Structure formats: C-alpha cells, structure tokens
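Asks: Have a look at this one before I ask anything.
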Amino acid sequence: MPDTTIVSETVFAGGEFLTPTGAASLTVVNPFDETVIGHAPDGTAADVDRAVRAAREAFDRGPWPRLSPAERGEWMDRLADHLEERATDISSFVVDEIGQPVSVARFMNGIRPVQHLRYYARLARELHTEQQRANVDRAGHSLHLRRPLGVAALIVPWNHPQSSTTLKLGPALAAGCTVVIKPAAESPLDIFALARAAQAIGLPPGVINIVPGGRETGQALVAHPDVDKVAFTGSTAAGRHIAAAAGSRLVPATLELGGKSAALLLEDADLSTVTASLRYASFGNSGQNCVSLSRVLAPASRYDEVVDAVVALARDLRVGDPKDAATEVGPLVSERALQRVTGMLDQARAEGATILAGDTPTPDRGWFFAPRVIVGAGVDSMIAQQEIFGPAISIHPYTDIDDAVRIANATRYGLAGAVFGGDEEQALAVARRVQTGSIGINGYAPDLGSPFGGTKDSGLGREFGPDAIENYRESTSIFR
C-alpha cells in the first residue's frame, strides 16, 4: 500500500460497507514518521446495533449455524486462501498502522492468521455436535448436543491485530457462531481486509461484521441484548468492566488480560540460551506483548553475570525503521504509550532503581524508546508489579529456589513465564510451582494445540486448541 494513501473505512454489517451514523472518527498516525495514514469511524451505539442485528439475523435465519461443521470448514479455508493471497499487503499495512517491525508483522499478521483459520477449519471437520451417553440412573442412553451460542462479540487488541482476531474468529466460526468484531482504537483499519475477504468469497452476509471504535463502542457491544458471548483481549482494567457487564446479563466471557511474567534462571542456566530467548520473549514487538518476560530472576551468585549479559543484549538490539527487515525494535504504538513507558521508568528511578542501557541511537522522529534494563528495584516495587508494555525489563536476585518461586508468584498476574536450566527435569519441577496459565522450559513459545490463558488478574478461560471451540458452544441434554 503506497505511503501516500489515506485510508478511510466505514462500518461492515450484513455483508455491506455502511456509512457510520455518527460524525466522530479515529485518526491513525504512523508511529514511525508521524504521518496520518487513515481514518475509521468511532462507532456509535447505533452502529453497534446495526452490526449486532445483522449478526442476529444471520444466526437466527441464515445458513451459517445450519451448515455442517465440515461445510463451515470449507468456507474458512476459502477465507484463509484469500487472506494468504493478500498477506504481504496486509502485514505491510500493519507496519504503518502500529509501527510493528516487518519481521514480526509478516508472521503475526500475515502467516499466523492463515494458520489459525486453517487449523480451526480442520478441527471443524472433526467436530461432533451430538453424542449418545449411557444413562447412570436407568437403562438406555441420553443425547448430548453441542450447539453454537449465537452472536459473539470479539474485542481484539492492537499489538497483533490480525492474528489476535483470527485466534477468536476461527473457533467462533467453526462452532457456528456469527460475530461482531471491534478492533482496538489504535488499529481500526487493517481489520477491513477481513471484510473484503468475506465479500470476495461470498461468505453469507452477517456472519462477519465489524464496528471500529473506542471504549464506548466496546461498552455498547458488550451491553447489547442480542450478544450471546464475549471474547476480549486487552488490559485487566478493561477486562474487569467487560466481565461486570457480561456478568450482569449472564453472558459467558473469555478474557485474556495483562501479564507480568518472569524468566526464572536456575544456577545451571545457559546464558546464551537465555539471551537468545529474551531477544524476542522480552523485547520482541518492541516489548508490546502481553506475554512478555518482563522480569528476570537470577541466582544471587550469578546476578552480575546475568545483568551484564542482558544489558549487552539490550544494546545489541537493532532499533529503527520498522520497514527494515533487520529492525528488531520499532517505535511504540503511540505518543501516549511512549509517555506512559517513560513515566514508569522515571518513577522507578525516583524510587531508587538504576536504569541501564537506553543509549542505543534512535531516529529523530517517531515514538521510539531504546531498550533498557532496570536493576536495584524491589520485587514489590511499581516497576516489578505493573505491566510496562515497552522494551524494558527488570532483573532481580534470589537466594534459593523457594525464594525464586516466591518472587515469581508475588504478582497479581499469571499469564506466562519461563524456567531456564541445564537439567530439564529440575526446570520442569520448578515450572510446576509457578502460578501461571502457561510457562516454557528454556524459552517461551506457545503452541496452538495447547490451551493458553491466564490465572489471577491475567484473565478467565482459555484460547488455543480444540478447547477454544467450546467457548462458543452451549450444551443441551435430551434425557431418554
């Protein structure tokens, strides 16, 4: 997409692009060169209503939930094929939209969305909607039905906008739900590639609907009486509001929220393995990942050695133009994000922490924050407890394994983590003690086939794997 293109999107409902009902709009600014790249409507309650009504009509009277799961799988494969054909253009646009390094965008917003849809298309072909179960109280069998919940509201984040969407869309479509998608206010434009794909393949109208907007748009969507399911990825604070609104209507909600994950290094951890992993697990996507390993826990006996290695890593990261394939750290998503991250490190310094690195040259323009390492902060300090969402990590010493596990668990979050050690069985034993929804051994690399989600303030429910389809289905028993 040419740099000079100013994109202007609308609302997508019932298979058509519709003029928004309100005049307010979202302006998208390229985080690298600070030029305006496009506009999208800040969706009103009336826009939400049109989209939900279209999804409701498609669910109640359209073919989608009445197709066999295998037939839905065929449609999903066609959708994946179309997105694959445009993957380069879509991922390149995401680079301009959120400043994501192209090396990340090509996979997370080009390749990964296609993989999600094809994976759930395959699972759809294997999906059972009825099962006979032997009665316990009497002779005979009863029938257990699994049916789609209805209209699903998918509220997705900006940091991996395409793959975060398809991670919810895939299981929802496989289950037979129709959806209304609300993209984040920071990334309201790239999602319309999905709308154009739906039109191009002739997907039944109303199966996929899109309303961009901010917080009020999301609130209107969650509160709509015709929404039967909510799936949200974002901050814990927003997740609490969504959970309350969904709970007031007794609507099921899946919430993937914030994190403050630890990389726990055992005495025999190989530092080259550690730094190779942290390169992406802590600093990847410019540190703007909910699963970022933003705390490093090091044995006191190796603390200085670990600090030196991580500082060297921070200084070795390539910072610059996100369109350059060699760039590892691009700009933060917005000026507001830059101010927030800068403010957090200023506060940490004021509280007695020392900030290392941060001296990597950055472009004169754009919302850049050079990678930094924080030492000397208490494990209960603000910087060790709050999500930074930028290229900065703190390092903390521990005395023994019990102390390390205590520190790892001493946070209100529980989303991800990793244990590094030469003895994999010992690392596994330690990993079992960490209170988190997922954790890796000698690295952190989630697999699509296994459940992913958070404990404590990191969320409710699980995504990934065949289990995710059940988020969008309800159970009915016919007793016989």
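The values are calculated or read from the model by the stated rules, or taken from the named source; none is laboratory data. This is a predicted model, so every value here is computed, not measured. No Cβ is skipped: glycine too gets one built from the backbone with ideal geometry, and neighbour counts run over all protein chains shown.
Asks: Using the structure shown, decide if V28 is out of contact with any Lys or Arg (no Cβ under 9 Å at 6 or more places or on another chain) and part of a helix (DSSP H, G or I).
Replies: Taking the combined requirement at face value, the residue does not satisfy it.
Asks: Which numbered condition trips up I181, out of (1) part of a strand (DSSP E or B); (2) in contact (Cβ under 8 Å) with a residue 40 or more places away in the chain?
Replies: With (1) part of a strand (DSSP E or B); (2) in contact (Cβ under 8 Å) with a residue 40 or more places away in the chain applied to I181, the lone miss is (2).
Asks: Name the residues in segment 316-371 that are more than 23 Å from A184 (Cβ to Cβ), surrounded by 14 or more Cβ atoms within 10 Å (Cβ to Cβ) and aliphatic (A, V, I, L, M), would you?
Replies: Within segment 316-371, L317, V319, L345, A348, A353, I355, L356, A357, A370 meet the criteria.
Asks: Those residues that are surrounded by 21 or more Cβ atoms within 10 Å (Cβ to Cβ), aliphatic (A, V, I, L, M) and assigned to a loop (DSSP other than H, G, I, E, B), I need them from segment 438-474; list them, please.
Replies: Result: I439, single match.
Asks: Pairs only if they're at least six apart or on different chains, beta carbon under 9 angstrom, first in segment 208-220 and over 23 Å from E57 (Cβ atoms), second modelled with pLDDT of 95 or more and among the charged types (D, E, K, R); list them, first residue then second.
Replies: Close Cβ pairs satisfying both conditions: G214/D42; E216/D42.
Asks: May I pose another question? I'm checking my understanding of the structure. Among residues of segment 226-242 that are more than 18 Å from the chain's Cα centre (by Cα) and closer than 20 Å to V11 by Cα, which one is surrounded by the most Cβ atoms within 10 Å (Cβ to Cβ)?
Replies: V227
Asks: Check segment 150-165 and report whether any residue there is surrounded by fewer than 23 Cβ atoms within 10 Å (Cβ to Cβ), outside any helix (DSSP H, G or I) and over 21 Å from the mean Cα position of the chain (by Cα).
Replies: yes
Asks: State whether the residues of segment 150-169 include one that is in contact with a Leu (Cβ under 7 Å, 6 or more places away or on another chain) and over 25 Å from F107 (Cβ atoms).
Replies: Taking every residue of segment 150-169 in turn, at least one turns out to be in contact with a Leu (Cβ under 7 Å, 6 or more places away or on another chain) and over 25 Å from F107 (Cβ atoms).
Asks: Same structure, new question: Answer yes or no as to whether A429 is within 25 Å of S272 (Cα to Cα), of a type in the set (A, V, I, L, M) and surrounded by fewer than 16 Cβ atoms within 10 Å (Cβ to Cβ).
Replies: Yes.
Asks: How many residues are touching a residue at least 24 places away in the same chain (Cβ under 8 Å) and farther than 16 Å from P171 by Cβ when one looks only at segment 67-80?
Replies: Matching residues across segment 67-80 total 2.
Asks: Which residues, taken from segment 49-65, are under 14 Å from C177 (Cβ atoms), touching a residue at least 24 places away in the same chain (Cβ under 8 Å) and of a type in the set (D, E, K, R)?
Replies: R56, E57, listed by residue number.
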